[in-house]
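A.B. asks: Here you go, one structure.
Since every read-out is calculated from the coordinates, none of them should be taken as a lab result. Remember, predicted model here, so these are calculated numbers, not experimental data. We place every Cβ from the backbone using ideal geometry, glycine too, and count neighbours over all the protein chains shown.
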Amino acid sequence: QVQLVESGGRLVQAGGSLRLSCAASGRTFSINAVAWFRQAPGKEREFAAAISTSGGRTYYADSVKGRFTISRDNAKNTLYLQMNSLKPEDTAVYYCAARVGAELRTEEDDYDYWGQGTQVTVSS
């Protein structure tokens, strides 16, 4: 099993920046692609960004492209999401997810492990 724990969420003003972290433990050697998803109040969870095993490939949802940067430190078993130019519509619970497969995927069902989420609130 793999455990994922997110941190870094908080209240921030529009236009501000925030960096989320996701620490992995357990059978981390089984993890390949990892991603961030988010769920806004009253909405379904949606894909935000994904990164390959080595970190060499990334993929972003159009809604965050150019503002968010996903990265990973495999030596620390940690995933990051740097969020800049935050907007009120970025308010959501942010989840990290990991999959055994290496391909970058955008669907929830393609991910094997999930964290509990961290709340990001952007005030206008």
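A.B. asks: Given R₀ = 30 Å, FRET efficiency for Lys43-Gln116 by Cβ-Cβ distance, to 0.05?
C.D. replies: Once rounded, the FRET efficiency stands at 0.95.
A.B. asks: Moving on. Please list, in order along region 16-24, the HN-Hα scalar couplings obtained from phi with the Karplus expression 6.51 cos²θ - 1.76 cosθ + 1.60 (θ = phi - 60°), rounded to whole Hz, x for Gly and Pro.
C.D. replies: Rounded to whole hertz, the list is x, 10, 7, 10, 9, 10, 9, 9, 9.
A.B. asks: Still on this structure: For region 99-111, in order, what is each residue's ³J(HN,Hα) by Karplus, 6.51 cos²θ - 1.76 cosθ + 1.60 with θ = phi - 60°, in whole Hz (x at glycine and Pro)?
C.D. replies: 10, 6, x, 8, 6, 7, 10, 10, 9, 4, 5, 7, 9
A.B. asks: Beta carbons within 10 angstrom, averaged per residue: use that to sort the peptides 110-119, 22-31, highest first.
C.D. replies: Sorting 110-119, 22-31 by mean packing, highest first, produces 110-119, 22-31.
A.B. asks: Still on this model: Which whole-number percent gives the relative contact order of the chain, counting Cα pairs below 8 Å spaced six or more residues apart? Each step should come with its number before you reach the end.
C.D. replies: Working: 310 pairs, mean separation 44.8, N = 124.
Reported as a whole number, the value is 36 percent.
A.B. asks: Once both labels are modelled 7 Å past Cα along the beta-carbon direction, what's the Thr69-Leu11 spacing in nm?
C.D. replies: Those two pseudo-labels are separated by 2.9 nm.
A.B. asks: Right, something else. Run the reach check for Lys43 against aspartates and glutamates, Cα to Cα strictly under 18 Å, same-chain hits fewer than 8 apart removed. What comes back?
C.D. replies: Within the straight-line cut-off, Lys43 pairs with Asp62, Glu89, Asp90, Glu107, Glu108, Asp109.
A.B. asks: With each pseudo-label sitting 7 Å past Cα toward Cβ, what's the Lys87-Gln1 distance in nm, one decimal?
C.D. replies: So the label points at Lys87 and Gln1 sit 3.9 nm apart.
A.B. asks: Within region 41-60, whose backbone N sits under 12 Å from a point 7 Å along Cα→Cβ of Asn32?
C.D. replies: 52-54
A.B. asks: In whole Hz and in residue order, list the ³J(HN,Hα) couplings for region 37-54 that follow from phi through the Karplus curve 6.51 cos²θ - 1.76 cosθ + 1.60, θ = phi - 60°; x for Gly and Pro.
C.D. replies: 10, 8, 9, 7, x, x, 10, 6, 5, 10, 5, 10, 7, 9, 9, 6, 4, 7
A.B. asks: With +1 on the Cβ of every Lys and Arg and -1 on the Cβ of every Asp and Glu, and nothing else charged, how large is the dipole of the chain about its Cα centre, in debye rounded to the nearest 20?
C.D. replies: That gives a dipole near 420 debye.
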